[in-house]
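One structure is given here, and the rest of the page talks about it.
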Amino acid sequence: MPLLDGLRVVFSKIHGYGVVTMRPFKKGELVCFGDGVLYLADADFDDTYALILPGEDSGKGSPLFWDLACQTRWFNHSCDPNSEVMSKWDQEADTMRAWWVAKRDIPVGEEITYDYAFAAEVAEPCACGAPTCRGLIVDDAPEELAKLPAHLRGQLRGAAASRVA
């Protein structure tokens with residue numbers, strides 16, 4: 001697995017390992033491409049580091065799972081992320097492509113994060129430390145927050161908590 005240019009894996013203040021920048025990235029700049037293995041929804045695999053991607057363009061059904069197999073697997077969640085993951089189906093290679101783009105300027109030494117936006121059924125406590133932390137790693141769309149189990153609703157903070165009230 002080749003190292004990603006301008007990035008380094010380190011111990012993270014957020015969770016386990018993380019990836020920090022070794023050079024600055026400007027808003028809108030490509031941070032990196034992610035490498036992975038494609039799985040269909042009915043496959044038996046560990047989806048811990050997988051992106052859930054739409055499968056409409058592939059003809060393989062939905063959803064598809066892109067199991068990250070490079071340093072991107074250590075990009076942590078943040079409720080105030082500095083990057084956004086993008087994806088598209090590559091017809092020629094018959095696989096999914098995923099890449100991260102800077103949402104704002106990212107200085108040297110900052111950890112790369114993106115919003116995991118978990119479905120309510122798999123939401124878990126968040127330790128991102130952002131001032132706008134939702135308290136849970138969960139998609140903050142009102143219809144998704146409404147599906148949260150009662151035992152997790154009490155952990156919501158800030159604007160997300162007011163959308164569930």
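The numbers here are math on the coordinates, done by the rules we state, and not lab data. Only a predicted model underlies this, so the values are computations on that prediction, with no experimental measurement involved. Heads up, the Cβs are rebuilt from the backbone with ideal geometry, glycines too, and the neighbour counts pull from every protein chain shown.
Say we join alpha carbon atoms closer than 10 Å with springs in a Gaussian network model of the chain; which of A141, A127, A93 then has the biggest fluctuation?
Of A141, A127, A93, the Gaussian network model singles out A93 as fluctuating most.
Using a cut-off of 21 Å between alpha-carbon atoms, which lysines can reach K26, once sequence neighbours fewer than 8 places away in the same chain are excluded?
K103
Using r as the Cβ-Cβ distance of V108 and M86, and R0 as 22 Å, what FRET efficiency do you calculate, to the nearest 0.05? Write out the running numbers ahead of the final one.
Values: r = 23 Å, r/R0 = 1.06.
That gives a FRET efficiency of 0.40.
Ignoring everything except DSSP H segments at least 4 long, calculate the 222 nm mean residue ellipticity for the chain; use -39,500 (n - 2.57) per segment, divide by total residues, nearest 500. Kindly include the intermediate steps, with their values, before the conclusion.
Values: 3 runs with 15 residues, N = 165.
Theoretical 222 nm ellipticity from helices: -1500 deg cm²/dmol.
How big is the shadow of the Cα convex hull of the chain, averaged over all directions, in nm²? Can you show the working numbers first?
Numbers: hull surface 41.4 nm².
Average of the hull's projected areas for the chain equals 10.3 nm².
Pulled fully out, how much extra length does the chain show between S62 and V20, if you take 0.36 nm times their separation in residues and subtract their Cα-Cα distance?
Result: 11.9 nm gained on full extension.
What is the magnitude of the charge dipole of the chain about its Cα centre, with +1 placed on the Cβ of each Lys and Arg, -1 on the Cβ of each Asp and Glu, and no other charges, expressed in debye to the nearest 20? Walk me through the intermediate numbers first.
Working: 16 positive and 25 negative charges, 166 e Å.
For the chain, the charge dipole is close to 800 debye.
Expressed in nm to one decimal, what extension gain is obtained for the pair A150 and K27 from 0.36 nm per residue of sequence separation less their Cα-Cα distance?
Numbers: separation 123, 0.36 × 123 = 44.28 nm, distance 3.79 nm.
Length gained between A150 and K27: 40.5 nm.
If the cut-off is 26 Å between C-alpha atoms, which lysines fall inside it for K60, apart from same-chain ones fewer than 8 positions away?
Within the straight-line limit of under 26 Å, K60 reaches these lysines: K88.
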